[in-house]
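Here is the structure we will look at.
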Amino acid sequence: MRIIDLTPRTTNGTTGRYQTTPGQLIGIAVHHTVSPQPSFNSDATEINHALMIDVYHASLGYGGIGYHALAFPSGAAYLTGVWGGARAHVASRNHQLLGIAAVGDYTAGPPSPALIHALQQLINAANTHAGQPLPIAGHRAWALPQFPTACPGAQHAGWLPLLQSDADMDEPRIRQIFAEEHARAHHQPSAAPVHTVGREGERGLWGIWEHRGKPQPWERWLPTTLLLNGWPTPPVLHIGQQIAVAA
Ligand SMILES: [Zn+2]
């Protein structure tokens, strides 16, 4: 896969804020941009987005886009600053860390497999520059205690390890891993009680809740029960149906 070189177009893209040597590097920090997710439907919209981040970070005094590289949901990868120049992505540690960002907000869920694949390609390129496989961790793991951050999102434990692989994972393999993880998550034996629906189910989940002695406030019980069963909205129940219920 091709990494598109944007360094001639970003602030300090070809130089960095200052020069670093491969020997100084101790790792790669993975970020998410938390930028609102417009629909990127072309290289042009992706490049515009990258340059917008550059202008924004420059306005904050970062000396240009804070990240060395960006990975987009489409699977496209962009180099936004040469690996041999420091950027601004982990406070007080920019002389020793390369910064790669997943474009989008992954606070609540993982990036697309295509984006993960793009991250891997960028990590391979970073490792080639470093002359060794660098340790990879989320921003939050590299951050000094006085600069805490949630970046790259609460779900990172589920997808960051995919990046630590031996670089021979192609996109279909990543998709397969995602599918397996998804299946595992759904087959995890749930601690939630199972309720066999009887006549009380004619009044829907409200009837079940009353029948079970109102174990907790309805406002809490209902959303938890919906979540446990993967229902977006309360379903029509039938007698004999087995459902998971909030305890
Ligand atoms: Zn970050």
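The values are calculated or read from the model by the stated rules, or taken from the named source; none is laboratory data. Every value quoted in this text rests on a predicted model; they were computed, and no experiment measured them. When we count neighbours, we look across all protein chains shown, and the Cβ atoms used for this are built from the backbone with ideal geometry, even at glycine.
Of note:
- Of all positions in region 140-156, none carries a residue that is over 18 Å from Val34 (Cα atoms), in contact with a Gly (Cβ under 9 Å, 6 or more places away or on another chain) and more than 13 Å from the ligand (Cβ to nearest atom).
- Pairs linking a residue in region 116-138 that is in the same structural domain as Leu97 (by TED's automatic domain parsing) to a residue that is part of a helix (DSSP H, G or I) and of a type in the set (Phe, Trp, Tyr), with Cβ atoms under 8 Å and 6 or more positions apart or on different chains, are Ile116/Trp159.
- Restricting Ile65, Ile28, Ile53, Ile47 to residues that are in a helix (DSSP H, G or I), within 16 Å of the ligand (Cβ to nearest atom) and either in contact (Cβ under 8 Å) with a residue 40 or more places away in the chain or buried (at least 17 other Cβ atoms within 10 Å of the Cβ) (or both) narrows the list to Ile53.
- Residues of region 1-21 that are exposed (fewer than 13 other Cβ atoms within 10 Å of the Cβ), farther than 20 Å from Ala91 by Cβ and at pLDDT 90 or above: Pro8, Thr21.
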